[in-house]
Each structure stands twice: as structure tokens, then as C-alpha cells.
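Have a look at the structure below, then the notes.
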Amino acid sequence: MKTSSAYRLQTVINMKNISKLLLLTLFSTLFWSCEKVIELDRTENEEKYVIEGTITNEPGVCSVLLSKTKNFKDDNQFIGISGAIVKIENNGIIVTLPEASPGVYKTNTINGTPGQTYLMTVNVDGKTFTASSTMPENVPFDDFYMKPSDFGKKRTLAYVKYKDPLEHVNFYWFKQFVNDKKQRNFMVSNDEFTPGQEVNSGITFQNETDDLSRDFKKGDKLGIEMHSIDASAYLYLHSLENAEGSDNGASPANPISNISGGALGFFSAHTVQKRTLVIP
């Protein structure tokens, strides 16, 4: 199984340390080269566990992915960690998630309820990692549409429409699909400037590869999953989005995790709504 943010996190992790070493070496060589030769420390960076846990208001959607960080030179293939004990707790009821495949722990016996708080606990190799998340109230997903003028083979724009509730601070996570295949890109937003308003927000679908077969064409199906998420999940996804989308040459930092115990990743209890359209 693949979960894109977990894979991308594994590659992003070590770029920061590598960039720091390169900058330090350059600085030292420019100003102190007359004294000694600077050599890079080639020791591998410390591995950390990577956890991506979700529980939704849909039946059968409760899973935890467990892996470790990789070196920057390694590929992005998910290599799961087996043998962990993974639990989800709510109101004193504890459910242990069986391991469905290496590193993938899931159950279809529970689903989340808006307003409830869920605690995730992962025990592996003598280490314990915990995180909690409160599922927000569901915000109705009113429409998903596009304008013919916004169609492009490499870049197509579609729009999501919903009414932001005034009573609470709200955070949103939009997963993107093309012909039912989940895309690398996603979008997160908040209601800092739209409390209580109707929102019509554009979402860009892009083919960022050289594969012409992935260009958009009329008849293709675009899909969106709209998730209402809590503040901690938003902070993680927003920092992940910024780390990946930065083009200013700065080294990306690790996304901000809501998991205690030293693991990277996040745990999110959120609602799910899905809509699709066909490119006209």
C-alpha cells in the first residue's frame, strides 16, 4: 500500500541536514582553506520512525502506517515496520489494529464520530509514540465544478464550493484524484479570511511529468476528497506542503508532527466527503 505523504516525508527528512553540511563546508573552505581541508562527515543520519494514522467518519477507514526515515539517496518505496502494537482509544474503549501487511495496521470495526477525541498509541522496539486528534464537525461539500476556459493539457483548474461555519475555526484538507488514482498534490486551507462565508476555491490539477499519457483530456474524471481536520493535522500538512513546494533554494524542514515520543508524521481524526466531475 502507498500513502504519498508518508513516502514524501521519508525523502524530505534528511535534505535539511545534508544542506547544512554543504553550507558549513562551503563557508569553512572559503574562509579557512589556508589552514586545513574540510571533509564531509559521511556517517548516516539517525533513523526515526514515521507514522501516518487516520480515522474518519466512514466505516472501515481507520489505519496506521509505520515505517522509518530513509537516506536522501534511497528510493521512495514504502518499507513497512512489522511487529508493532497499535491501538486507538476513545471514551475508555481501546481497539487494537491488526497488521494487514508489513507496516500497515488497520481495522474496519470502528469509525469516528465528529466531536470525539481519539488517542493513537504505537509500541515498537521498546518505544512508545502517542498522538491525539479531535474530529471536527462535518462541513457540507456543496459543489465541485470547472469552467471550460480553465482546461489545459498540463494544468487544469477546478473549484470546490462550501459554506464555512461561523461558529468554529475550521481547517480543510483536499485530496486530489485523476481517473480514480490519488495524486501527489493536495491542498490545505483555513477560514482565517472566510469565516461564515460561501467559499469557491480553485484547486489545480497538474501533470508535472514528461509522460504525455498523463496529460489531461476531455472525458477524464477529476475527484476531490474534502476533509474537515483539526489544527494539529492542518499544521502538519501545511508544513509538508510548504516543504515540498518551496522553490527558493532553502532546505526543507521536517513537517511539524503532532506525535509525541520522537516519531515523525501525524495522526488525524477527520470527516470525509467525495465529489467527482468529468472534464467536458
Quiz item: Solvent-accessible area per residue for the range 141-280 at a 1.4 Å probe radius, Å²?
Solution: 50
Practice problem: Leaving ligands, DNA and RNA out of it, rank S228, S82, S149, S63 by accessible area with a 1.4 Å probe, largest first. | Solution: S149, S82, S63, S228
Quiz item: Quick one: how many Å² of E167 are accessible to a 1.4 Å probe, rounded to 10?
Solution: 150
Exercise. Could you calculate the contour length gain from T109 to K218, that is, 0.36 nm times the residue separation minus the distance between their Cα atoms, to one decimal place in nm?
Key: 35.3 nm
Exercise. DSSP loop (so not H, G, I, E, B), at most 16 other Cβ within 10 Å: list which chymotrypsin sites (Phe, Trp or Tyr not before Pro) in the range 183-280 pass both filters.
Key: F193
Quiz item: With every protein chain in place, what's the accessible area of K127 (1.4 Å probe, Å², nearest 10)?
Solution: 100
Quiz prompt | Loop chymotrypsin sites (Phe, Trp or Tyr not before Pro), the range 69-144, which have at most 16 other Cβ atoms in a 10 Å radius of their Cβ (DSSP) | solution = F72
Quiz item: What nm distance separates the two modelled labels at S149 and I94, each placed 7 Å from Cα along Cα→Cβ?
Solution: 6.0
Practice problem: Would you kindly find the accessible area of H168, with a 1.4 Å probe and non-protein molecules such as ligands, DNA and RNA excluded, rounding to the nearest 10 Å²? | Solution: 110
Self-check item: Whole-angstrom gap from the range 101-143 to the range 187-203, using each part's C-alpha centre
Solution: 25
Quiz prompt | Which listed pairs, of K147/K182; K106/K221; K163/K217; K70/K181; K68/K182; K153/K175, have C-alpha distances above 32 Å, in listed order | solution = none
Exercise. Provide, in order from the shortest bin, the percent of all Cα-Cα pairs of the range 114-269 in each 10 Å bin, continuing until the bin that contains the maximum pair distance.
Key: 10, 32, 34, 20, 5, 0
Quiz item: Rounded to a whole number of µm²/s, how large is the Stokes-Einstein D of the range 77-206 at 10 °C and 1.306 mPa s, given Rh as the Kirkwood radius over C-alpha pairs?
Solution: 88
Quiz prompt | Under 15 Å, Cβ to Cβ, from G262 - net charge with Lys/Arg +1 and Asp/Glu -1 | solution = 0
Practice problem: Calculate what fraction, in whole %, of the accessible area of the range 138-260 sits on carbon and sulfur atoms when a 1.4 Å probe is rolled over the protein chains. | Solution: 49
Exercise. State, as an integer percentage, the relative contact order of the range 88-185 based on alpha-carbon contacts under 8 Å between residues 6 or more apart.
Key: 16
Exercise. Give the relative contact order (percent, whole number) for the range 123-247; include only Cα pairs under 8 Å separated by 6+ residues.
Key: 31
Exercise. Write down the Å³ per residue value for the convex hull defined by the alpha carbon atoms of the range 91-130.
Key: 90
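The values are calculated or read from the model by the stated rules, or taken from the named source; none is laboratory data. Computed from a predicted structure; not experimentally measured. Ideal geometry is used to build each Cβ from the backbone, glycine not excepted, and the neighbour counts take in all protein chains shown. Ligands, DNA and RNA are excluded from the accessible area calculation, which covers all protein heavy atoms including side chains. Shrake-Rupley method; radii C 1.70, N 1.55, O 1.52, S 1.80 Å.
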